[in-house]
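Only one structure is covered here, and it is reproduced in the block below.
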Amino acid sequence: MTLLFKPQHVKLILEGKKTQTRRISKPRVKVGGIYKAKTRLFSKEYFALIKITGLREEKLGDISDEDVKKEGYNSLEEFIEVWKSIYGSWEPERVVWVLEFEVVNLAKSRMYENVKTWNPFVGCRFHCVYCKPSFQRQAKRRRKWCELCYKYEPHFHPERLQRVPSKKTIFCCAFGDITFAKLEWIEQIFEAIKRHPNKTFYIQTKDPRTLRYINDIVGIPKNVKLGVTLETDLDTYETPSKYWHYSEISRAPTPSERIKYIFSEARNLVDYITIEPILDFSPGFVRTLELIYPEFVYIGYDDHNCKLPEPPLKKTLKLIEELEKFTEVRLKAIRKAWWEANSVQELARL
Ligand code: SF4
Ligand SMILES: [Zn+2]
């Protein structure tokens with residue numbers, strides 16, 4: 001579903017200065033839904049995804065000063081002039097539909113301003129095909145300091161324990177998977193975490209059994225949020241890609257194994273789920289996620305052109321809409337699948 005806007009409104013909308021629009025006929029949208037904002041109906045291009053936050057009827061002449069601003073204008077006179085140029089006349093008694101909305105990507109990205117990674121442990125042996133161009137490339141830049149970082153071999157950097165970033169939220173061990181960390185390293189990392197009770201540390205893995213193991217032996221500090229990456233619930237794919245089976249993408253437990261382990265081993269330990277890079281999923285994925293009941297979910301497409309078996313954008317938007325009924329959704333790169341037309345248009349990035 002699409003909402004049309006005048007080209008002169010695009011910048012105002014993207015900057016968050018226009019969050020309201022009035023329409024003479026009832027728009028076919030519902031509150032909470034996410035829609036494409038376009039300037040031309042039959043164009044495939046859209047400039048933003050917008051989420052409808054309110055819908056009501058109101059007389060045109062009842063618009064408040066505050067709402068004139070939300071429409072993106074400085075004065076009522078200015079708004080009336082533009083209205084007349086579009087609809088021909090200004091009839092204050094005319095009842096119109098008032099839509100309130102927010103731009104999904106910009107609204108969400110503000111959440112990440114106070115976030116930093118901290119990597120006292122680095123490395124992984126799951127060999128995900130999409131890791132090399134992302135995390136591993138960043139680690140490789142450190143070759144002159146550390147050969148093991150360059151090779152992405154699991155190893156410990158104890159000198160970093162004292163160098164916890166000053167931010168409030170910290171992605172801990174983001175360059176690697178703690179499944180490959182020795183217990184004694186994790187103990188030391190947790191001791192350092194406990195010395196910063198006002199910060200929140202996010203740790204995630206592709207093997208939920210690791211969470212159980214760490215919890216049973218070391219215990220999880222209160223200020224740690226544990227996550228599991230679950231790019232999909234499927235182990236095989238039919239969308240265009242050279243990858244047909246998850247085992248060709250990663251040596252980590254397959255998505256179905258991960259789901260099984262979450263329920264059997266880590267049921268009450270998982271605080272959040274990361275669906276990134278999203279892969280095509282079954283209709284039951286949302287129900288599985290609802291049963292896991294995460295506090296929040298990260299969701300985003302691969303942004304390194306790995307040509308993974310991605311779901312079409314429409315399917316992902318529907319998933320987001322369903323997820324928002326029971327959890328907080330944190331959007332990362334949301335775009336069309338690489339195999340869809342105009343797939344290069346990236347709409348939202350962390
Ligand atoms: S599990 Fe994470 S760190 Fe390990 S290879 Fe995959 S993406 Fe990289
Ligand atoms: Zn290193």
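Annotations
- Beta bridges per DSSP, both residues in region 196-277: antiparallel share near 10 percent.
- Highest GNM mean-square fluctuation among Thr205, Thr254, Thr39, for the chain modelled with Cα contacts below 10 Å: Thr39.
- For the listed residue pairs Lys225/Lys315; Lys116/Lys242; Lys17/Lys84; Lys132/Lys336; Lys51/Lys307, the alpha carbons are over 32 angstrom apart in Lys116/Lys242.
- For region 1-100, applying the loop criterion from DSSP together with a ceiling of 11 other beta carbons within 10 Å to the GluC sites (Glu not before Pro) yields Glu15, Glu45, Glu93.
- Its DSSP H runs of at least 4 residues, each contributing -39,500 (n - 2.57), put the calculated 222 nm mean residue ellipticity of the chain at -7000 deg cm²/dmol, to the nearest 500.
- Global form of the chain, assessed from the alpha-carbon gyration tensor, a/c cut-off 1.5: prolate
- Of all DSSP-defined beta bridges confined to the chain, some 45% are antiparallel rather than parallel.
- For Thr53, the amide hydrogen comes within under 5 Å of the amide hydrogens of Gly32, Glu100, Phe101, Glu102, counting only partners 5 or more places away or on other chains and with H modelled in the peptide plane.
- Mean Cβ neighbour count within 10 Å, used as a protection proxy, ranking 241-251, 298-308 highest first: 298-308, 241-251
- Two-site FRET efficiency, Ser264 against Leu183, from Cβ-Cβ distance with R₀ of 30 Å, rounded to 0.05: 0.90
- Ala333 long-range amide H proximity, modeled H, under 5 Å: Tyr301, Leu350
Coordinate-derived values only; no laboratory data. Note that the coordinates shown come from a computational prediction; the quantities given were computed from them, not determined experimentally. Please note: Cβ atoms are built from the backbone with ideal geometry, for glycine as well, and neighbour counts cover all protein chains shown.
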